[in-house]
Amino acid sequence: MTEQPMVRFDNVSKRYGALTVLDGLNLEIARGEKVSIIGPSGSGKTTVLRMLMTLETINDGVIWVEGEPLTHMERNGKLVPADLAHIRKIRAKIGMVFQSFNLFPHMTAMQNCIEAPITVLGMKRADAEARAAELLDMVGLSEKKDHYPSQLSGGQQQRVAIARACAMRPKIMLFDEVTSALDPELVGEVLEVIRKLGREHDLTMLMVTHQMGFAKEFSDRVCFFHAGKICEQGPPSELFGAPKNERTRQFLHAVLEAG
Amino acid sequence: MIWDWAFAFEILPVLASAAIVSIEATLIGFALAASLGLVLAVVRIAVPWTGWTISVLVELIRSTPLLIQIFFLYFVFPKFGVVLDAFTAGVLAIGIHYAAYCSEVYRAGFDNIHRGQWEASVALNLSAWTTFRDIIIPQAIPPIVPALGNYLVALFKETPLLSAIAVLELMQTAKIIGSETFRYTEPMTLVGLFFLAMSLVSAALIRSLEGLLNRRTMR
Amino acid sequence: MGIRTLVAMLAVALVVIGALATQESYKVFMPGLLQGAVLTIEIAILGSLLAIVMGVLAALARMYGPAPLRWLATVYVEIFRGTSALVQLFWLFFVLPQFGVTLDAFLVAVLALGLNVGAYGSEVVRGAIQSVARGQWEASTALNMSRPQMLRRIILPQAFVAMIPPWGNLFIELLKSTALVSLITLSDLAFKAQQMNQNTFKTIPIFTLVLLMYLAMSLVVTIGMRLLERRASLGLARGKAA
Ligand SMILES: Nc1ncnc2c1ncn2[C@@H]1O[C@H](COP(=O)(O)OP(=O)(O)OP(=O)(O)O)[C@@H](O)[C@H]1O
Ligand SMILES: [Mg+2]
């Protein structure tokens, strides 16, 4: 028996008016797999993550999470649009870290990390705080737990955001260019946290990144997106080492040139 | 019967001619407000030491009720031997009241002009007057037209206050009809509908104006 | 204007009122005017409370309510913003009795002013909610919060800060509008002024006192709202300079 994929995009399309952003996307991600998405601006990378986080609706196709449809549910053997209760049940398996952090500015680092565990998961405050403390420790910010976001550097804010997402114990973590808004010298500390997360937790990770070095070293598979389609995918050694597609070659050439 | 159509149609012409008085008061009042407001805003920049005085004056006018200001002007002028008719005194009060609001709008408009524009004007040795007339005002006014428009509508909606000093505008006329016939439903409701219609139309106009301006600045 | 200037203005206004009150030609008016001021303050406070309730309810109904509620809230807001406060006051006072509903003038005053300002307030609430960055909604969604949880815990606390200055302006507008209730027989400050003026023709002393009293009340509101704003934004901007 082959193991159920963690996530499966089945012929998923996304359109904004006349603009087709994703065109019949098929993508499977295995349990525990670390997948990086690279590609030129506007190719639909962010859209893939946002659809999986249910921040965008989809126009066509089905997204499956552990064998269950994300925004659909089965009724009389047919798939119909899901109600909110179903979406929230499936969505609980997914967490996301944003390019612009999106920390709650009126809450301290600690409060950011316990808010959803208490209100959504119904955890006791003491338990939620204990776990948040552990996670803040993991991201190296124990001593900043009572600081407000405005008192933290960009890198620190992003590490709190990672801890906050982890506090919900998702099985799948989505990272959308999480280092793009950071000053160059702060990129390393955030990537280090992600590495640690990959090592110590049994997480499936899907990340959009412009850090080619990190994608190469960290991921099990790299997908190159172009114009709403996966143009080429494979292990990083192959995709970076010997890209088959002309577009991939051009993109990598341009990126490495600039970097 | 609660609503009498025949009566409503009967009083319509009287109300319509009173509406003209309301609109006149609005237009004259706003002309006064817009120009006096501009003068205040320009003087504040051109003559820096007046800044504080003007601020206090504006705060004073904006912090006290228009109705009181209308009464005050109406009754105080005769003390100095100047007898103003109710319409003039009332419109003057409305104009001054809204001039205080308008001056703040202009000020925001001027504040949004990039410092470089002033510096370039100095570098070209333009006089202060020319700088205002040809460089600053043409750039500052278009973006604030919608805000001024909103004050025009607000001012219009305050013209019923003139009824307090017996100016025969819409509200006073409706009240007179009401007290003579003991029927208030039709005149008051018609007045309300008139204001509602005018406000909705002007809101739509201001919105399309805003759209136009946005497109112009995005070019 | 800075808060210090405002406090200074308030102090000056109060001192001038006090100084004038000792003068023979002004003194006689003080008891009546103070009586009127009390009624003005009562109406202003009750009207403001009603305005807050209506503003929040109408905004939430328009943004998240089911269609009929949304429709109702929109009609309410358009009518009360589109006609003028005095028209609403007179309508409730003169027309409602013709439908067999006769309300006490005080109640009419609170209702008319509260409903009027509440309509504007709903736009403030709506604007403030919409001004909260989209990322805040998205982060709350990613944390799987329900819509009421997001609103209560994440969005409204942030919107609250943005709401304070415009609500401050609305309270001032409401305070000033209370003068209109003098036209429906209530003996507020404006009514007393008008009455005394008619009896004595001492226009300048009376109106000077009255204007100063309104100024003082407005300044109290403005200063109070500034302090509230400062307090509320503390959580948002804590240590911005740190
Ligand atoms: N809300 C929207 N309305 C209309 N078009 C949109 C919207 N969001 C995204 N798009 C379009 O969808 C396309 C894909 O956007 P997406 O954000 O997924 O690109 P991306 O690959 O993440 O690019 P980048 O590297 O710049 O982040 C773009 O052409 C973008 O303009
Ligand atoms: Mg993107």
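Put in order of Cβ neighbour count within 10 Å, fewest first, the listed residues A:THR57, A:THR71 become A:THR57, A:THR71. As a size descriptor, the averaged projected area of the C-alpha convex hull of the stretch B:80-169 was calculated at 8.0 nm². Once the mean of 1/r is taken over each pair of separate Cα atoms and inverted, the stretch B:48-112 shows a Kirkwood hydrodynamic radius of 13.0 Å.
When the charge dipole of the stretch A:104-169 is built from unit charges on Cβ atoms (+1 for Lys and Arg, -1 for Asp and Glu) and taken about the Cα centre, the candidate among A:PRO149, A:GLY122, A:MET138 whose Cα reaches farthest toward its positive end is A:GLY122.
Of the DSSP H helices in chain B, those with a Cα length along their own long axis of 24 Å or more and a mean Kyte-Doolittle hydropathy reaching 1.6 comprise B:5-46.
The local environment of C:PRO97, defined by Cβ-Cβ distances under 14 Å, has a net charge of 0 under the rule Lys, Arg +1 and Asp, Glu -1. Cross-link partners among aspartates and glutamates for A:LYS216, C-alpha distance below 13 Å, same-chain residues fewer than 8 apart left out? Correct list for A:LYS216: A:GLU238. A Cβ-based charge dipole, computed about the Cα centre of the stretch A:104-169 with Lys and Arg at +1 and Asp and Glu at -1, lands at about 140 debye.
Averaged over the residues of C:24-35, the number of partner chain Cβ atoms lying within 10 Å of the residue Cβ comes to 0. Around the Cα centre of chain A, unit charges on the Cβ atoms of Lys, Arg, Asp and Glu (plus for the first two, minus for the last two) sum to a dipole of about 520 debye.
Note on B:ASN112 and C:LEU34: the model spin-label points, each 7 Å out from Cα along the C-beta direction, lie 4.8 nm apart.
With coordinates expressed along the principal axes, the C-alpha atoms belonging to chain C extend over 70, 58, 21 Å, beginning with the largest.
Note down the net charge around B:SER17, summing +1 for each Lys or Arg and -1 for each Asp or Glu among other residues with Cβ under 15 Å from its Cβ.
-3
Here the relative contact order of chain C, from alpha carbon pairs under 8 Å that lie six or more residues apart, stands at 31 percent. Residue exposure proxy: B:LYS175, A:LYS78, ordered by other Cβ atoms within 10 angstrom of their Cβ from fewest to most, comes out as A:LYS78, B:LYS175. Using alpha carbons only, the radius of gyration of the stretch C:3-82 set against its Kirkwood radius gives Rg/Rh = 1.28. The mean number of Cβ atoms from other chains found within 10 Å of a Cβ in peptide C:211-219 is 4, as a whole number.
Dipole magnitude for chain C: computed about the Cα centre from +1 point charges on Lys and Arg Cβ and -1 point charges on Asp and Glu Cβ, it is near 840 debye. Summarising the label geometry, the points placed 7 Å from Cα in the beta-carbon direction at A:ASP220 and A:GLU28 lie 1.2 nm from one another.
Could you work out how far helix C:67-82 tilts from the main Cα principal axis of chain C, as a 0 to 90 degree angle to the nearest 10? It is inclined by approximately 30 degrees. Our summary gives chain B a relative contact order of 29 percent, counting only alpha carbon pairs under 8 angstrom and 6 or more residues apart. Springs between Cα atoms under 10 Å define the GNM used for chain C, and in it the highest mean-square fluctuation of C:ALA58, C:ALA67, C:ALA37 occurs at C:ALA67. Note on the stretch B:22-172: Kirkwood hydrodynamic radius from all Cα pairs is 16.6 Å, rounded to one decimal.
Each of A:LEU19, C:LEU211, B:LEU57, C:LEU180 was scored by other Cβ atoms within 10 Å of its Cβ. Listed from fewest to most, they are A:LEU19, B:LEU57, C:LEU211, C:LEU180. Over the protein assembly as shown, the hull volume per residue, using the convex hull of the C-alpha atoms, is 234 Å³.
Diffusion of chain A by Stokes-Einstein, at 4 °C in a medium of 1.567 mPa s and with Rh set to the Kirkwood radius over alpha-carbon pairs, works out to 68 µm²/s. Relative to the longest principal axis of the Cα atoms of chain C, the long axis of helix C:3-22 makes an angle of roughly 20 degrees.
When you restrict to C-alpha pairs under 8 Å that are six or more residues apart and normalise by the size of the stretch A:104-169, the relative contact order lands at 47 percent.
Within chain A, antiparallel bridges make up roughly 60 percent of the DSSP beta bridges whose residues both belong there. Note on chain A: GNM, Cα springs under 10 Å; of A:GLY228, A:GLY42, A:GLY32, the largest mean-square fluctuation is that of A:GLY42. Close amide H pairs (under 5 Å, H built 1.01 Å from N) link A:ARG221 with A:LYS34, A:SER36, residues at least 5 positions away or on another chain.
Over 31 Å apart at the Cα level, from the set A:LYS93/A:LYS244; A:LYS14/A:LYS244; A:LYS89/A:LYS229, are A:LYS93/A:LYS244. Roughly speaking, what % of Cα-Cα pairs in the stretch A:104-169 are separated by over 16 Å, rounded to a whole number? So the pairs more than 16 Å apart make up 33 percent of the total in the stretch A:104-169.
For B:66-76, what's the mean count of beta carbons from other chains sitting within 10 Å of each residue's beta carbon?
The per-residue average across the peptide is 6.
Across the options A:ALA92, A:ILE29, A:VAL80, the greatest Cα extent toward the positive end of the charge dipole of the stretch A:1-97 (unit charges at beta carbon of Lys, Arg, Asp, Glu) belongs to A:ALA92.
We did not get these values from a lab; they are worked out from the coordinates using the rules stated. Note that the structure is a prediction, hence the values are computed from the model and not measured. Note: ideal-geometry Cβ built from the backbone for every residue, glycine included; neighbour counts use all protein chains shown.
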